[in-house]
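Read the structure below first, then the notes.
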Amino acid sequence: MSDHTSAAATAAHSHAGRYLVVWAALMALTALTWGLSTIHIPGLAGVAVALAIAMVKGTLVALFFMHLWDQPGPNRLVLVTSLVFVAVLVTLPLLDNATRFPLANPPDAETAPQRIRDAILNEGPPAPAHAPAHP
């Protein structure tokens, strides 16, 4: 009986180094995420980089802290299947939204910021778009 418990304790402690390495990698990726948040990456590239880092972190958590690295195929198949369904459920609404007409902007939407800025500088309320600014 003591051989079984000592073997289980040894097996449990043998992964401690791996957990520390994965934890260090997660901390490094978190620091990278924070560092990249201070830099403005224009367009969708910033979102793509942030999502790539998040996917790597999620993969590390799933493989090592959720013990999928040591599990047989069916558990991994369940994970992959659920990820495919999440991808489909995120992608389809985005594709549907891409086919919609853009929202109609009010006729004076392009000049509104300039009128508001002028009104603030002149310390008066902004004039309506259809009325002259000064009579």
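A short reminder: the numbers here are calculations on the coordinates, not readings from a lab. All figures in this text were calculated on a predicted structure; none of them were measured in a lab. FYI the Cβ positions are ideal-geometry reconstructions off the backbone, even for glycines, and counts take in every protein chain you see.
What the table below lists for this structure:
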| item | result |
| --- | --- |
| Least to most buried among Val49, Val88 (fewest other Cβ within 10 Å first) | Val88, Val49 |
| Extension gain, Met27 back to Ile41 (0.36 nm per residue minus Cα-Cα distance, nm) | 2.9 nm |
